[in-house]
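*Asks:* Please read through the structure below; I'll follow up with questions.
The values are calculated or read from the model by the stated rules, or taken from the named source; none is laboratory data. What you see is a predicted model, and the numbers here were worked out from it, not measured in a lab. Neighbour counts are summed over all protein chains in view; Cβ atoms, including those assigned to glycine, are modelled from backbone coordinates with ideal geometry. Ligands, DNA and RNA are stripped out before the accessible areas are found, and what is left, the full protein with its side chains, is counted by its heavy atoms. Shrake-Rupley method; radii C 1.70, N 1.55, O 1.52, S 1.80 Å.
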Amino acid sequence: MLITFITSAVLVTSVLLVLSNLGTVADDTSKALRGAVQQIRTHGAMASWVAFAILWLTIFALGLL
């Protein structure tokens, strides 16, 4: 019971921290995506871009669970 309470408290705290800094998270994400697109254009690194996109999709999908 105590472990459930602690994990729930950590989860709620994490969600509140992310929501309070949502603008920063969105700004950092857009900067990272712009950097990745620019790298693709200059170096033609399609495989690394696909891996990066899959990574972010996985992070957001796991965040929704």
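*Asks:* Check the range 37-44 and report whether any residue there is small (Gly, Ala, Ser) and either open to solvent by 80 Å² or more (accessible area, probe 1.4 Å) or at pLDDT 85 or above (or both).
*Replies:* Checked the range 37-44: no residue is small (Gly, Ala, Ser) and either open to solvent by 80 Å² or more (accessible area, probe 1.4 Å) or at pLDDT 85 or above (or both).
*Asks:* Give the residues of the range 14-36 that are open to solvent by less than 90 Å² (accessible area, probe 1.4 Å) and not hydroxyl-bearing (Ser, Thr, Tyr), sorted by residue number.
*Replies:* If the condition is that a residue be open to solvent by less than 90 Å² (accessible area, probe 1.4 Å) and not hydroxyl-bearing (Ser, Thr, Tyr), then Val15, Val18, Asn21, Gly23, Val25, Ala26, Asp27, Asp28, Ala32, Leu33, Gly35, Ala36 are the ones that fit.
*Asks:* Right, here's the next one. Within the range 27-65, work out how many residues are outside any helix (DSSP H, G or I) and within 22 Å of Thr13 (Cα to Cα).
*Replies:* 1
*Asks:* Report yes if Leu11 is outside any loop (DSSP other than H, G, I, E, B), over 14 Å from the mean Cα position of the chain (by Cα) and surrounded by 10 or more Cβ atoms within 10 Å (Cβ to Cβ), otherwise no.
*Replies:* So Leu11 fits the description; yes.
*Asks:* What about Gly63, is it loosely packed, with under 10 Cβ neighbours inside 10 Å and among the small types (Gly, Ala, Ser)?
*Replies:* no
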